Amino acid sequence: AKVAAEKNAAETRLKQVKADVLTRINALDSTSQRQLTELPTDPAQFKQSIIGIFASHETPLTWFETIESEKIALDEIKAQIPKIREGFLKDLPEPERQDLLIAGLNPQQFEQKLVDFLKRPKPEQEAIVRALCGPRLEAWNAFKQKANKGDRAKVADAIRAMHKSLTGNKMP
């Protein structure tokens, strides 16, 4: 009976924390909700970013009673991010939508997009080029070092040509 009561209490606590997280997410303005979709993947940075986003509002993440509650809340926020991102994506113009999708890729996924660049639709290619000139500049530098011949060289040339057509400038 005691084990069942503890299990029931834990399930109730889980539901309360999840409901509280949803309430707090919905209370955020759209800029802060968008920031939730662009969080770092490193667990420590993720947690600090979450705390920072909520701290700038009247919904600070100070309600954690236990480490377990904190973990549940952070896991629930992670689970809500795709839904929040999906909501933003449907209302964005195509270039911004593609930029946000590219920004959400991990390094391996982004590398695969580079390798398959020529097979991607033009709006996605443009977003990749914009990312390579900004937050993914290191990926560009690494990619072009390997792009001496073959398919990688063709991709690098296509990226340079697209950047020139978009901006009139040479790729960094």
Students often get this wrong, so check it: of 78/144; 47/164; 122/146; 7/78, which have C-alpha atoms separated by over 28 Å? 78/144; 47/164
On the accessible surface of segment 105-172, probed at 1.4 Å, how many percent belong to carbon and sulfur atoms? 52 percent
Heads up, the chain by the C-alpha gyration tensor (a ≥ b ≥ c square roots of eigenvalues; a/c under 1.5 rounded, else a/b over b/c prolate, else oblate) looks prolate
Assuming R0 = 22 Å, can you tell me the calculated FRET efficiency for the pair residue 94 and residue 120, based on Cβ-Cβ distance, to the nearest 0.05? 0.95
The chain: relative contact order from alpha carbon pairs under 8 Å, six or more residues apart, as a whole percent, is 16 percent
Residue-averaged [θ]222 nm for the chain, counting only DSSP H segments that reach four residues, each worth -39500 (n - 2.57): -24500 deg cm²/dmol
Which distance in Å, rounded to a whole number, links the C-alpha centroids of segment 123-171 and segment 20-47? 31 Å
Sort 99-106, 28-35 by packing, meaning the average of other beta carbons within 10 Å per residue, with the highest value first. 99-106, 28-35
Students often check this: by mean Cβ neighbours within 10 Å, which of 129-140, 10-21 ranks highest, and how do the rest follow? 129-140, 10-21
If R0 is 25 Å, what FRET efficiency do you get for residue 7 and residue 75 from their C-beta distance, rounded to 0.05? 0.85
In Å², and per residue, what accessible area does the chain have when probed at 1.4 Å with the other protein chains present? 62 Å²
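The values are calculated or read from the model by the stated rules, or taken from the named source; none is laboratory data. Just so you know, these numbers come straight off a predicted model, no measurement behind them. Because the Cβ atoms are built from the backbone with ideal geometry, glycine has one as well, and the counts that use them run over all protein chains shown. Side chains are part of the model used for accessible areas, which takes the heavy atoms of the whole protein and leaves out ligands, DNA and RNA. Shrake-Rupley method; radii C 1.70, N 1.55, O 1.52, S 1.80 Å.
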